[in-house]
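In what follows, a structure is listed as structure tokens, so that the remarks can point back to it.
FYI, it's all coordinate maths here, none of it is from the lab. Model, not experiment: these values are computed from the prediction. We place every Cβ from the backbone using ideal geometry, glycine too, and count neighbours over all the protein chains shown.
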Amino acid sequence: MTVLEQPGAYHLSPPPGWRPQLDPAPLLPDAEPHRMLGTDAAAGLDPALLTRLYRELVRGRRYNEQATALTKQGRLAVYPSSTGQEAAQVAAALVLEERDWLFPSYRDTLAAVARGLDPVEVLSLLRGDWHSGYDPRATRVAPLCTPLATQLPHAVGLAHAARLKGDDVVALALVGDGGTSEGDFHEALNFAAVWRIPVVFLVQNNGFAISVPLAKQSAAPSLAHKAVGYGMPGRLVDGNDAAAVHQVLQEAVRRARRGGGPTLVEAVTYRVEAHTNADDATRYRTDDEVQAWRAHDPIALMERELRSRGLLDDAGVREAAAGAEELAAGLRARMNQDPELRPDDLFAQVYAEETVQLAEQRTRLAEELAEELAADEAARQDGAQHDGDQHDGARTEGAHGAEGATR
Amino acid sequence: MSAPATRAPAAARKPATMAQALNRAMRDAMAADPTVHVLGEDVGTLGGVFRVTDGLAKEFGEDRCTDTPLAEAGILGAAVGMAMYGLRPVVEMQFDAFAYPSFEQLVSHVSRMRNRTHGALPMPITVRVPYGGGIGGVEHHSDSSEAYYMATPGLHVVTPATVADAYGLLRAAIASDDPVVFMEPKRLYWGKADWSPDSPEQVPGIGRAVVRRPGRSATLITYGPSVPVCLAAAEAAREEGWELEVVDLRSLVPFDEETVVSSVRRTGRAVIVHESPGFGGPGGEVAARVSERCFHYLEAPVLRVAGFDIPYPPPMLERHHLPGVERVLDAVARLQWESDWTAAADGGGTEGGGN
């Protein structure tokens, strides 16, 4: 009997390799960003957690202001502010256990500071005295990552390795809305889902990739929806509601810890400041938009909740501000010291064992520095010799030479 | 890493291919060190498209030899994270040109993580890249991509040309605390040599070149797939009365200047041979260093025999592109054989001569 002699049968069975689809419904994010503060659900929240989040938010805001000020004073080469995004970064830091790992991008210095790292060490990259100023293994915070989304596969690989060793470690990786367009975002999420890696991806959707708004970045229903295509749950949360972000991240971390695999969380927030101090945000957005977000401020939202529940009064506000001021003053004082620069470090740790060529280059630089130092010293002595001799024409030249040598 | 015997008894030595030696190197490394993990596309069940990882998943399990999704940046990026946690990943890139999506991970992270973190995060990652032409591969299967890697500080770039080196250098690469781009000349995968898998001979470590064939007329400086070409050229050159020395670099980074320089100072003439396009290729760097350090010993300009500066040709035309024996001999013939000033100066002492 030929196929044609069995009408209909040919089309009845699905393709041989086809398997029933997974139901995408449980993976879908809610229609609206999850909120806690100001809702009835907030009543069930731990007061100690809320108070801790509030203090960290206040500290975080002050840290952002201080870092921005230090940039204007020339103490930082550049600072990408996270003002307005404190809730997402603070919640990300607080949700992790000590053994867990955090994978920040360059805008996430606050997350590292909120995790307890030394802010001066965290700001090394942006100050420019070295690329990474803290020990990632000791702190379990990966180096601040500048090439967008490239830290996400690192988080996947690290959590994979930890699981292979039988260690209970979750990796939390931070990325922005712009970063979700990168190929590494796709590859990392795909790997994580296929291998059921204990990793949580937190997208801080702050509305802009420098000047490009989200509408020009993605046509997805939401960034959280992207999770569904990989077979992991997507969660949408109000990124300025620290309690909500903490709750959603905690669920995702717990899920990862018990072997449930990865989660993609989109925190909807706003970059209140420009991209960096070098950017002019007035070229691509209106003040009205910024003001609307300022009215949805993460600290104000938390303060209102705490006051309404009697967990915070004016004295508590002053106390939190004083704690933040202490952080800022310490940071200011230490950043106003010139960092100790070690040119020899340029060659140290390029390789485990220095190559012949690098050894030659290191020697050459050392000789240059020695000559510079000697010239400096000679000019200083020259200057001292002529000091007070108003009529010596060489003085001006000598002093000028000394200045040139020390710069 | 156990210290293998210098030379196995003749009875234990039998014909083996480079692919088998590479396979054995990974197997021995995995057996010796539980932190060694192999990952890549088709490396598990299939044993790799060139079968270089054959049997590893079966012997060590899929957690140790893992088939990944088809995503080279993801593979290398995951390897970075694994290395951060103390593992020693061995990554297979399926073909030279298929490694390009992982380039950002390699350049922006693998090569500089140690430096970035003051040594806190070394990257003991081996990236195996089957490379080069001569296998009749269609587009994207025959690139010589070593110059890209050489231009990136922080990477080691290693390439074997013999069965014994394939084993020894891959073991050294996996044991290295630095990232190694391990370039495997796929046209030599099936080349055989007598070799003992159970007591492989000891070879010099990474960063050491070797003189494959001694000679006093001129030096051929080469590596990987061009080593057999140069050895054949040296044999053919005897008819012309030239005794050519063949230096196999083995490692492009670190570059063994001493072996190269001492050879050229002896012979006074040098030709660099590689498949990679000549412009901006490894030969330019070698020629510059030879010129800087052997200027007063040279009888002739340092010449290069390289692939043309063209996208790799389709298989039916590749023989026109690949440097072969004739092209090497043509270059040797242009080494100003009428010039003998350094030899003449020899009588009066040559060191630093030629003023």
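Between A:Ala352 and A:Thr51, the modelled labels are 5.0 nm apart [label points 7 Å from Cα along Cα→Cβ]. Size descriptors for the stretch B:210-346, from the alpha-carbon set: Rg then Dmax equal 14.3, 50 Å. The mean number of Cβ atoms from other chains found within 10 Å of a Cβ in peptide A:158-167 is 6, as a whole number. The residue among A:Ala320, A:Pro16, A:Ala366 whose Cα reaches farthest toward the positive pole of the charge dipole of chain A, with charges on the beta-carbon of Lys, Arg, Asp and Glu, is A:Pro16.
The charge dipole of the stretch B:196-269, taken about its Cα centre with unit charges on the Cβ of Lys, Arg, Asp and Glu (plus for the first two, minus for the last two), comes to roughly 220 debye. Cβ crowding within 10 Å, taken as a proxy for footprinting-reagent exposure, orders B:Met18, B:Met316, A:Met335, A:Met232 from fewest neighbours to most as B:Met316, A:Met335, A:Met232, B:Met18.
The charge dipole of the protein assembly as shown, taken about its Cα centre with unit charges on the Cβ of Lys, Arg, Asp and Glu (plus for the first two, minus for the last two), comes to roughly 1960 debye. Around the Cα centre of chain B, unit charges on the Cβ atoms of Lys, Arg, Asp and Glu (plus for the first two, minus for the last two) sum to a dipole of about 560 debye. Considering only B:Gln94, B:Thr162, B:Leu46, the residue lying farthest towards the positive end of the dipole of the stretch B:10-195 is B:Thr162, judged by Cα position with unit charges set on Cβ.
Residues whose amide H lies under 5 Å from that of A:Tyr79, counting only those 5 or more places away or on a different chain, are A:Asn277, A:Ala278; hydrogens are built 1.01 Å from N in the peptide plane. When DSSP beta bridges are restricted to pairs lying wholly in chain A, around 10% turn out antiparallel. Taking the DSSP beta bridges in the protein assembly as shown as the whole, what percent of them are antiparallel, to the nearest 5? Among the beta bridges of the protein assembly as shown, antiparallel pairing accounts for roughly 15 percent. Which is the longest stretch in chain B that no exposed loop site breaks, taking sites as GluC sites (Glu not before Pro) with a DSSP loop state and at most 15 other Cβ atoms within 10 Å? That would be B:140-242.
Across the stretch B:183-190, coupling constants 3J(HN,Hα) worked out from phi with the 6.51/-1.76/1.60 Karplus curve, θ = phi - 60°, read 8, 9, x, 5, 6, 9, 3, 9 Hz, and Gly and Pro carry x. For A:Ser13 and A:Ala375, the FRET efficiency from 1/(1 + (r/R0)^6), where r spans their Cβ atoms and R0 equals 60 Å, is about 0.10. Determine the shape class of the protein assembly as shown: with a ≥ b ≥ c the square roots of the Cα gyration tensor eigenvalues, call it rounded for a/c under 1.5, and otherwise prolate if a/b is greater than b/c, oblate otherwise. Oblate, because a/c is 1.5 or more while a/b does not exceed b/c.
Only helices enter the 222 nm calculation for chain B: every DSSP H run of n ≥ 4 contributes -39,500 (n - 2.57), and dividing by all residues gives -8500 deg cm²/dmol, rounded to 500. Projecting the Cα atoms of B:Thr222, B:Ala173, B:Tyr148 onto the charge dipole of the stretch B:128-232, computed from C-beta unit charges around the Cα centre, puts B:Thr222 farthest toward the positive end. For B:Val127, nonlocal amide neighbours, meaning residues 5 or more places apart or on other chains whose placed amide H falls under 5 Å from its own, are B:Val91, B:Val180, B:Val181, B:Phe182. A viscosity of 1.306 mPa s and a temperature of 10 °C, combined with the Kirkwood radius over Cα pairs in Stokes-Einstein, give a translational diffusion coefficient for the stretch A:238-339 of 92 µm²/s.
The H on the amide N of B:Arg88, modeled in the peptide plane, is under 5 Å from the matching H of B:Val36, B:His37, each at least 5 residues off or on a different chain.
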